[in-house]
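Quick notes on the structure that follows.
The values are calculated or read from the model by the stated rules, or taken from the named source; none is laboratory data. Predicted model, so just to flag it, every value in this text is computed and none were measured. FYI the Cβ positions are ideal-geometry reconstructions off the backbone, even for glycines, and counts take in every protein chain you see.
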Amino acid sequence: MATYSKLPSGRWRVQVRRGSVYRAHTFDLKRQAKAWATEIEAQALQVQAGRYITPKGLTIGKLVKLYGESVKEGGRTRNACLARLQTALDRIKPHTLPFALRDFIDNRQAAGAGGVTIAQDLSYLASALDWGRHSKRFDVNPEVARDARRSLKHRKLNTRSQSRERLPKPGELDALYKLWDNNLRQQIPMIILVQFALVSAMRLGEICRIQIEDVDFDKKTVLIRQRKDPKRKASNDQIVPLVGDAIAIIQKQIGQRKQGRIFPYDAKSASTAFTRGCKTLGIKDLKFHDLRHAATVQLFRMGLDIPRVAMITGHKSWENLRRYTNLTAEDVHNAFS
(Lines give C-alpha, C1' and ligand atoms only; values in the text may rest on other atoms or scores of the structure.)
Protein backbone atom coordinates (compact mmCIF):
# COMPACT_ATOMS: atom_id res chain seq x y z
CA MET A 1 0.00 0.00 0.00
CA ALA A 2 1.37 3.40 -0.96
CA THR A 3 1.08 6.47 1.23
CA TYR A 4 1.80 10.02 0.08
CA SER A 5 2.74 13.10 2.06
CA LYS A 6 3.50 16.61 0.89
CA LEU A 7 6.65 18.04 2.38
CA PRO A 8 7.13 21.69 3.48
CA SER A 9 9.33 22.11 0.41
CA GLY A 10 6.38 21.28 -1.83
CA ARG A 11 7.81 17.93 -2.92
CA TRP A 12 6.00 14.62 -2.48
CA ARG A 13 7.20 11.76 -0.29
CA VAL A 14 5.86 8.31 -1.14
CA GLN A 15 6.24 5.13 0.92
CA VAL A 16 5.37 1.63 -0.28
CA ARG A 17 4.80 -1.24 2.16
CA ARG A 18 3.76 -4.64 0.90
CA GLY A 19 4.72 -7.76 2.80
CA SER A 20 8.43 -7.63 3.52
CA VAL A 21 8.99 -4.92 0.91
CA TYR A 22 9.47 -1.32 2.02
CA ARG A 23 10.59 1.43 -0.32
CA ALA A 24 10.43 5.22 -0.08
CA HIS A 25 11.29 8.05 -2.43
CA THR A 26 10.75 11.78 -2.90
CA PHE A 27 9.54 13.44 -6.11
CA ASP A 28 8.82 16.94 -7.36
CA LEU A 29 5.33 16.00 -8.61
CA LYS A 30 2.67 13.73 -7.14
CA ARG A 31 2.06 12.04 -10.50
CA GLN A 32 5.74 11.04 -10.54
CA ALA A 33 5.36 9.58 -7.07
CA LYS A 34 2.24 7.63 -8.12
CA ALA A 35 3.93 6.20 -11.22
CA TRP A 36 6.91 5.07 -9.16
CA ALA A 37 4.70 3.56 -6.44
CA THR A 38 2.69 1.61 -9.03
CA GLU A 39 5.86 0.04 -10.42
CA ILE A 40 7.23 -0.82 -6.96
CA GLU A 41 3.92 -2.40 -5.89
CA ALA A 42 3.87 -4.51 -9.05
CA GLN A 43 7.40 -5.68 -8.36
CA ALA A 44 6.51 -6.50 -4.75
CA LEU A 45 3.59 -8.65 -5.93
CA GLN A 46 5.91 -10.54 -8.26
CA VAL A 47 8.40 -11.15 -5.46
CA GLN A 48 5.63 -12.40 -3.17
CA ALA A 49 4.50 -14.76 -5.91
CA GLY A 50 8.02 -16.14 -6.16
CA ARG A 51 8.65 -14.58 -9.55
CA TYR A 52 11.54 -12.47 -10.76
CA ILE A 53 11.21 -8.81 -11.67
CA THR A 54 12.46 -6.58 -14.46
CA PRO A 55 12.59 -3.00 -13.15
CA LYS A 56 11.80 -0.32 -15.68
CA GLY A 57 14.94 0.86 -17.43
CA LEU A 58 17.10 -2.00 -16.16
CA THR A 59 20.09 -2.69 -18.39
CA ILE A 60 22.99 -5.06 -17.88
CA GLY A 61 25.33 -2.10 -17.54
CA LYS A 62 23.22 -0.66 -14.71
CA LEU A 63 23.08 -4.05 -13.02
CA VAL A 64 26.88 -4.35 -13.18
CA LYS A 65 27.18 -0.85 -11.68
CA LEU A 66 24.82 -1.76 -8.82
CA TYR A 67 26.79 -4.95 -8.21
CA GLY A 68 30.09 -3.10 -8.07
CA GLU A 69 28.68 -0.53 -5.63
CA SER A 70 27.02 -3.12 -3.40
CA VAL A 71 29.65 -5.86 -3.27
CA LYS A 72 32.87 -4.24 -2.11
CA GLU A 73 35.56 -6.81 -2.65
CA GLY A 74 38.42 -7.51 -5.00
CA GLY A 75 41.01 -5.14 -6.33
CA ARG A 76 42.03 -3.21 -9.42
CA THR A 77 41.56 -6.11 -11.84
CA ARG A 78 37.97 -6.71 -10.75
CA ASN A 79 37.13 -3.00 -10.80
CA ALA A 80 38.63 -2.60 -14.27
CA CYS A 81 36.64 -5.57 -15.59
CA LEU A 82 33.38 -4.27 -14.10
CA ALA A 83 33.99 -0.79 -15.51
CA ARG A 84 34.62 -2.29 -18.95
CA LEU A 85 31.45 -4.40 -18.76
CA GLN A 86 29.40 -1.46 -17.55
CA THR A 87 30.46 0.65 -20.51
CA ALA A 88 30.09 -2.08 -23.12
CA LEU A 89 26.69 -3.30 -21.89
CA ASP A 90 25.24 0.00 -20.69
CA ARG A 91 22.24 -0.10 -23.07
CA ILE A 92 21.77 -3.85 -23.27
CA LYS A 93 18.44 -5.21 -22.04
CA PRO A 94 18.52 -8.58 -20.23
CA HIS A 95 16.68 -10.45 -22.99
CA THR A 96 19.17 -9.32 -25.67
CA LEU A 97 22.27 -10.24 -23.66
CA PRO A 98 23.14 -13.45 -25.61
CA PHE A 99 23.47 -11.48 -28.86
CA ALA A 100 25.27 -8.60 -27.14
CA LEU A 101 27.88 -10.98 -25.70
CA ARG A 102 28.61 -12.32 -29.15
CA ASP A 103 29.46 -8.77 -30.24
CA PHE A 104 31.29 -8.09 -26.96
CA ILE A 105 33.64 -11.03 -27.55
CA ASP A 106 34.19 -9.96 -31.19
CA ASN A 107 35.08 -6.44 -30.08
CA ARG A 108 37.41 -7.63 -27.33
CA GLN A 109 39.24 -9.89 -29.79
CA ALA A 110 39.52 -7.05 -32.29
CA ALA A 111 41.03 -4.88 -29.55
CA GLY A 112 43.72 -7.50 -28.97
CA ALA A 113 42.40 -9.17 -25.81
CA GLY A 114 43.30 -12.83 -25.41
CA GLY A 115 41.16 -15.73 -24.29
CA VAL A 116 42.26 -15.50 -20.65
CA THR A 117 41.28 -11.83 -20.39
CA ILE A 118 37.92 -12.28 -22.13
CA ALA A 119 37.13 -15.33 -19.97
CA GLN A 120 37.86 -13.22 -16.90
CA ASP A 121 35.46 -10.51 -18.09
CA LEU A 122 32.71 -13.07 -18.59
CA SER A 123 33.33 -14.65 -15.18
CA TYR A 124 32.88 -11.29 -13.48
CA LEU A 125 29.72 -10.74 -15.52
CA ALA A 126 28.35 -14.11 -14.37
CA SER A 127 29.01 -13.07 -10.75
CA ALA A 128 27.13 -9.80 -11.29
CA LEU A 129 24.20 -11.65 -12.86
CA ASP A 130 24.17 -14.18 -10.00
CA TRP A 131 24.00 -11.30 -7.54
CA GLY A 132 21.21 -9.60 -9.48
CA ARG A 133 19.12 -12.75 -9.73
CA HIS A 134 19.51 -14.07 -6.19
CA SER A 135 19.92 -10.87 -4.18
CA LYS A 136 17.65 -8.51 -6.11
CA ARG A 137 15.30 -11.02 -7.76
CA PHE A 138 16.01 -9.50 -11.18
CA ASP A 139 14.88 -11.55 -14.15
CA VAL A 140 18.37 -12.20 -15.51
CA ASN A 141 20.08 -15.46 -16.41
CA PRO A 142 23.69 -15.94 -15.21
CA GLU A 143 24.08 -18.98 -17.48
CA VAL A 144 24.11 -16.66 -20.49
CA ALA A 145 27.52 -15.35 -19.39
CA ARG A 146 28.76 -18.85 -18.59
CA ASP A 147 27.61 -20.12 -21.98
CA ALA A 148 29.47 -17.25 -23.63
CA ARG A 149 32.58 -18.20 -21.66
CA ARG A 150 32.24 -21.82 -22.78
CA SER A 151 31.92 -20.64 -26.37
CA LEU A 152 35.46 -19.29 -26.29
CA LYS A 153 36.93 -22.74 -26.91
CA HIS A 154 34.89 -22.98 -30.13
CA ARG A 155 36.54 -19.75 -31.20
CA LYS A 156 39.89 -21.51 -30.62
CA LEU A 157 40.70 -19.11 -27.77
CA ASN A 158 42.91 -20.42 -24.98
CA THR A 159 41.32 -19.56 -21.62
CA ARG A 160 44.09 -21.06 -19.49
CA SER A 161 46.79 -18.66 -18.39
CA GLN A 162 50.33 -19.73 -19.15
CA SER A 163 52.41 -20.07 -16.00
CA ARG A 164 55.68 -18.21 -16.10
CA GLU A 165 58.88 -20.19 -15.78
CA ARG A 166 61.30 -17.27 -16.09
CA LEU A 167 64.04 -17.14 -13.47
CA PRO A 168 67.00 -14.74 -13.30
CA LYS A 169 69.91 -16.14 -15.27
CA PRO A 170 73.49 -16.14 -13.94
CA GLY A 171 74.90 -12.64 -14.08
CA GLU A 172 71.61 -10.82 -14.74
CA LEU A 173 71.08 -9.66 -11.15
CA ASP A 174 74.75 -8.74 -10.75
CA ALA A 175 74.46 -6.59 -13.85
CA LEU A 176 71.35 -4.90 -12.44
CA TYR A 177 73.06 -4.29 -9.09
CA LYS A 178 76.00 -2.64 -10.85
CA LEU A 179 73.66 -0.49 -12.96
CA TRP A 180 71.69 0.76 -9.94
CA ASP A 181 74.82 1.24 -7.83
CA ASN A 182 76.26 3.57 -10.47
CA ASN A 183 73.02 5.46 -11.05
CA LEU A 184 73.11 8.49 -8.76
CA ARG A 185 69.61 9.50 -9.85
CA GLN A 186 68.09 6.24 -8.61
CA GLN A 187 65.82 7.25 -5.70
CA ILE A 188 64.53 3.80 -4.73
CA PRO A 189 67.12 1.41 -3.21
CA MET A 190 66.45 -1.30 -5.78
CA ILE A 191 69.34 -3.51 -4.69
CA ILE A 192 68.03 -4.00 -1.17
CA LEU A 193 64.46 -4.45 -2.44
CA VAL A 194 65.59 -7.22 -4.80
CA GLN A 195 67.70 -8.89 -2.13
CA PHE A 196 64.77 -8.87 0.30
CA ALA A 197 62.44 -10.31 -2.36
CA LEU A 198 64.91 -13.14 -2.98
CA VAL A 199 64.94 -14.21 0.68
CA SER A 200 61.32 -13.46 1.65
CA ALA A 201 59.41 -14.71 -1.43
CA MET A 202 57.03 -11.77 -0.94
CA ARG A 203 55.21 -9.90 -3.66
CA LEU A 204 56.46 -6.39 -4.35
CA GLY A 205 53.21 -4.88 -3.05
CA GLU A 206 53.61 -6.78 0.22
CA ILE A 207 57.24 -5.70 0.59
CA CYS A 208 56.34 -2.04 0.19
CA ARG A 209 53.42 -2.35 2.62
CA ILE A 210 54.83 -4.16 5.68
CA GLN A 211 55.30 -2.11 8.84
CA ILE A 212 58.19 -2.05 11.31
CA GLU A 213 55.65 -2.50 14.12
CA ASP A 214 54.53 -5.80 12.58
CA VAL A 215 57.97 -7.40 12.82
CA ASP A 216 58.75 -9.63 15.79
CA PHE A 217 62.53 -9.53 15.85
CA ASP A 218 62.77 -12.17 18.61
CA LYS A 219 60.56 -14.73 16.85
CA LYS A 220 61.78 -13.65 13.40
CA THR A 221 58.28 -13.22 11.99
CA VAL A 222 56.28 -10.48 10.31
CA LEU A 223 52.55 -9.88 10.04
CA ILE A 224 51.58 -9.36 6.41
CA ARG A 225 48.22 -7.61 6.33
CA GLN A 226 45.66 -8.20 3.59
CA ARG A 227 47.78 -10.81 1.84
CA LYS A 228 46.54 -11.68 -1.62
CA ASP A 229 44.24 -14.69 -1.67
CA PRO A 230 41.74 -15.39 -4.51
CA LYS A 231 39.33 -17.10 -2.08
CA ARG A 232 39.50 -14.58 0.77
CA LYS A 233 38.73 -11.08 -0.44
CA ALA A 234 37.81 -9.34 2.79
CA SER A 235 40.72 -10.08 5.12
CA ASN A 236 43.76 -12.31 4.99
CA ASP A 237 46.38 -11.30 7.54
CA GLN A 238 49.22 -13.80 7.92
CA ILE A 239 52.13 -14.21 10.32
CA VAL A 240 55.07 -15.23 8.17
CA PRO A 241 58.51 -16.53 9.23
CA LEU A 242 61.45 -14.41 8.12
CA VAL A 243 64.22 -16.75 6.97
CA GLY A 244 67.78 -16.38 5.76
CA ASP A 245 69.07 -12.80 5.77
CA ALA A 246 65.59 -11.24 5.91
CA ILE A 247 65.95 -9.88 9.46
CA ALA A 248 69.44 -8.50 8.75
CA ILE A 249 68.16 -6.74 5.61
CA ILE A 250 65.27 -5.21 7.56
CA GLN A 251 67.57 -3.95 10.32
CA LYS A 252 69.90 -2.41 7.75
CA GLN A 253 66.97 -0.75 6.00
CA ILE A 254 65.22 0.76 9.03
CA GLY A 255 68.28 1.90 10.97
CA GLN A 256 67.00 3.63 14.13
CA ARG A 257 63.41 3.96 12.95
CA LYS A 258 60.81 2.30 15.22
CA GLN A 259 57.64 2.69 13.18
CA GLY A 260 56.32 3.17 9.68
CA ARG A 261 56.81 1.14 6.55
CA ILE A 262 60.04 -0.80 6.27
CA PHE A 263 60.29 0.01 2.58
CA PRO A 264 58.39 3.30 2.19
CA TYR A 265 58.33 3.28 -1.59
CA ASP A 266 55.62 3.06 -4.23
CA ALA A 267 55.40 -0.49 -5.57
CA LYS A 268 54.53 0.69 -9.08
CA SER A 269 57.58 2.95 -9.18
CA ALA A 270 59.82 0.13 -7.98
CA SER A 271 58.40 -2.19 -10.62
CA THR A 272 59.00 0.45 -13.27
CA ALA A 273 62.59 0.93 -12.10
CA PHE A 274 63.19 -2.81 -12.33
CA THR A 275 61.71 -3.00 -15.84
CA ARG A 276 63.69 0.06 -16.94
CA GLY A 277 66.92 -1.49 -15.66
CA CYS A 278 66.26 -4.72 -17.55
CA LYS A 279 65.54 -2.77 -20.72
CA THR A 280 68.75 -0.75 -20.38
CA LEU A 281 70.80 -3.94 -20.06
CA GLY A 282 68.93 -5.83 -22.76
CA ILE A 283 67.56 -8.39 -20.26
CA LYS A 284 64.43 -9.77 -21.87
CA ASP A 285 61.20 -10.90 -20.23
CA LEU A 286 62.31 -10.60 -16.61
CA LYS A 287 59.84 -9.12 -14.12
CA PHE A 288 60.15 -8.26 -10.45
CA HIS A 289 57.54 -10.90 -9.65
CA ASP A 290 59.89 -13.54 -11.07
CA LEU A 291 62.02 -12.98 -7.96
CA ARG A 292 59.20 -14.50 -5.89
CA HIS A 293 59.41 -17.54 -8.14
CA ALA A 294 63.19 -17.69 -7.70
CA ALA A 295 62.90 -17.37 -3.91
CA THR A 296 60.32 -20.17 -3.73
CA VAL A 297 62.50 -22.45 -5.84
CA GLN A 298 65.38 -21.80 -3.45
CA LEU A 299 63.22 -22.70 -0.44
CA PHE A 300 62.51 -26.10 -1.98
CA ARG A 301 66.19 -26.57 -2.84
CA MET A 302 67.02 -25.92 0.80
CA GLY A 303 64.96 -28.99 1.64
CA LEU A 304 61.85 -27.36 3.11
CA ASP A 305 58.68 -29.37 2.70
CA ILE A 306 55.45 -28.09 1.16
CA PRO A 307 53.75 -26.92 4.41
CA ARG A 308 56.81 -24.91 5.46
CA VAL A 309 57.27 -23.34 2.04
CA ALA A 310 53.55 -22.51 1.92
CA MET A 311 53.81 -20.83 5.33
CA ILE A 312 56.40 -18.45 3.87
CA THR A 313 54.84 -17.87 0.44
CA GLY A 314 51.18 -17.87 1.47
CA HIS A 315 50.10 -20.51 -1.07
CA LYS A 316 47.12 -22.63 -0.05
CA SER A 317 47.67 -25.82 -2.02
CA TRP A 318 50.28 -28.02 -3.66
CA GLU A 319 48.69 -27.30 -7.04
CA ASN A 320 49.49 -23.62 -6.64
CA LEU A 321 53.03 -24.36 -5.50
CA ARG A 322 53.81 -27.04 -8.09
CA ARG A 323 54.98 -24.64 -10.79
CA TYR A 324 57.44 -23.04 -8.37
CA THR A 325 59.49 -26.15 -7.62
CA ASN A 326 61.70 -26.26 -10.73
CA LEU A 327 63.76 -28.96 -9.03
CA THR A 328 66.34 -30.92 -11.01
CA ALA A 329 67.72 -34.43 -10.62
CA GLU A 330 70.82 -32.83 -9.13
CA ASP A 331 68.72 -31.19 -6.44
CA VAL A 332 67.30 -34.58 -5.45
CA HIS A 333 70.79 -36.12 -5.14
CA ASN A 334 72.00 -33.12 -3.15
CA ALA A 335 69.22 -33.72 -0.62
CA PHE A 336 70.72 -37.15 0.14
CA SER A 337 74.31 -36.01 0.31
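Residues of segment 218-230 that are assigned to a loop (DSSP other than H, G, I, E, B) and either more than 14 Å from Ile249 (Cα to Cα) or hydrophobic (A, V, I, L, M, F, W, C) (or both): Asp218, Lys219, Arg225, Gln226, Arg227, Lys228, Asp229, Pro230. Restricting attention to segment 58-97 and to residues that are charged (D, E, K, R) and modelled with pLDDT of 90 or more, the residue that is nearest to Ala111 (Cα to Cα) turns out to be Arg84.
Evaluated against (1) buried (at least 19 other Cβ atoms within 10 Å of the Cβ); (2) out of contact with any helix residue (DSSP H, G or I) (no Cβ under 6 Å at 6 or more places or on another chain); (3) of a type outside the set (D, E, K, R), Leu122 falls short on exactly one condition, (2). Here Arg166 meets each of (1) surrounded by 13 or more Cβ atoms within 10 Å (Cβ to Cβ); (2) more than 30 Å from Val194 (Cα to Cα); (3) of a type in the set (D, E, K, R) with one exception, condition (2). Can you name the helices (runs of 4 or more DSSP H) wholly within segment 101-217 that have at least 3 residues being assigned by TED's automatic domain parsing to the domain that holds Arg308 and out of contact with any strand residue (DSSP E or B) (no Cβ under 8 Å at 6 or more places or on another chain)? In segment 101-217, the matching helices (runs of 4 or more DSSP H) lie at 172-181, 190-200, 204-207.
Within segment 253-271, being surrounded by 10 or more Cβ atoms within 10 Å (Cβ to Cβ), assigned to a loop (DSSP other than H, G, I, E, B) and of a type in the set (Lys, Arg) holds for one residue alone: Arg257.
Before we move on, is Lys258 more than 21 Å from the chain's Cα centre (by Cα), at pLDDT below 95 and more than 16 Å from Pro189 (Cα to Cα)? So Lys258 passes the test. Each residue in segment 221-248 was checked for being at pLDDT below 80 and either in contact with a Pro (Cβ under 8 Å, 6 or more places away or on another chain) or among the aliphatic types (A, V, I, L, M) (or both), and 1 of them qualify.
If the condition is being hydroxyl-bearing (Ser, Thr, Tyr) and touching a residue at least 12 places away in the same chain (Cβ under 8 Å), then segment 95-134 contributes Ser123, Tyr124, Ser127.
Suppose we filter segment 299-313 for residues that are touching a residue at least 12 places away in the same chain (Cβ under 8 Å) and surrounded by fewer than 18 Cβ atoms within 10 Å (Cβ to Cβ); how many remain? Residues that pass the stated criteria total 4.
Looking across segment 143-196, just one residue is among the aliphatic types (A, V, I, L, M) and in contact with a His (Cβ under 9 Å, 6 or more places away or on another chain), and that is Leu167. Read through the list (1) aromatic (Phe, Trp, Tyr); (2) touching a residue at least 12 places away in the same chain (Cβ under 8 Å); (3) closer than 21 Å to Lys156 by Cα, then give the number of the only condition that Tyr67 fails. For Tyr67, the exception is condition (3). Select from segment 272-281 the residues that are surrounded by fewer than 17 Cβ atoms within 10 Å (Cβ to Cβ) and in contact (Cβ under 8 Å) with a residue 12 or more places away in the chain and list them in ascending order. Thr275, Thr280, Leu281, listed by residue number. Here is a check on your reading of the model: is Phe288 closer than 23 Å to His315 by Cβ, of a type outside the set (Lys, Arg) and more than 25 Å from the chain's Cα centre (by Cα)? In short, no. Residues of segment 235-252 that are surrounded by 13 or more Cβ atoms within 10 Å (Cβ to Cβ), of a type outside the set (A, V, I, L, M, F, W, C) and part of a loop (DSSP other than H, G, I, E, B): Asn236, Gly244, Asp245.
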